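Engineer: Right, I'll just put the structure down here and ask away after.
The values are calculated or read from the model by the stated rules, or taken from the named source; none is laboratory data. Keep in mind that what you see is a predicted model, and the values were worked out from it rather than measured. Virtual Cβ from ideal backbone geometry, glycine too; neighbours counted across all protein chains shown. Heads up: the accessible areas ignore ligands, DNA and RNA and are worked out on the full protein's heavy atoms, side chains in. Shrake-Rupley method; radii C 1.70, N 1.55, O 1.52, S 1.80 Å.
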Amino acid sequence: LDPIGLVKSQPLSSSTHFETALFGGFTYVSHDFPTDKGRRLNFTFEAQLTLKQIIDSKYIISLGTSYHHISNAQTGSENPGIDSLYMIAKLSYLFTN
């Protein structure tokens, strides 16, 4: 659950936008955390860089990268975190009335 976030969109042209986004939140892990001595309640942070191309009034193609971190934010005796870096490729269809 990422209840807090900021997104900034910079138009590069009428159909192309560059977005930067930062998100923060928390997650509950119902089983053992993937590293030793982790906690069930953990905090998350994510930073994204995305290039969005509007194809027409219904389709948007997005390509980018994201850094994701999850840890207990020093709430336990140890703070085993997990960092991920992944690529984003998305095709969006917009429903309009």
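Engineer: Taking 8 Å as the Cα distance limit and 6 or more residues as the minimum spacing, I'd like the relative contact order of the chain as a percentage. Don't skip to the answer; put the middle values down first.
Structural biologist: Details: 222 pairs, mean separation 21.8, N = 97.
This gives 22 percent for the chain.
Engineer: Note down the magnitude of the dipole of the chain about its Cα centre, charges +1 on Lys and Arg C-beta and -1 on Asp and Glu C-beta and zero elsewhere, to the nearest 20 debye. Intermediate values should be presented prior to the final figure.
Structural biologist: Working: 7 positive and 8 negative charges, 45 e Å.
So the magnitude is around 220 debye.
Engineer: Over the chain, what percent of the accessible surface lies on carbon and sulfur atoms, probe 1.4 Å? Could you put the intermediate results ahead of the total?
Structural biologist: Details: 4190 of 6890 Å².
Result for the chain: 61 percent of the exposed heavy-atom area is carbon or sulfur.
Engineer: At 37 °C and 0.692 mPa s, what whole-number value in µm²/s does Stokes-Einstein give for the translational diffusion of the stretch 50-97, with Rh from the Kirkwood sum over Cα pairs? Show your work: numbers first, answer last.
Structural biologist: On the way: Rh = 13.5 Å.
Estimated via Stokes-Einstein, D reaches 244 µm²/s.
Engineer: Quick one: plug the Kirkwood hydrodynamic radius of the chain (C-alpha pairs) into Stokes-Einstein at 20 °C, 1.002 mPa s, and report D in µm²/s. Mind dumping the intermediate values first?
Structural biologist: On the way: Rh = 15.4 Å.
Stokes-Einstein gives a translational diffusion coefficient of 140 µm²/s.
Engineer: Just the number please: accessible area per residue for the chain, 1.4 Å probe, all protein chains included, in Å².
Structural biologist: 71 Å²
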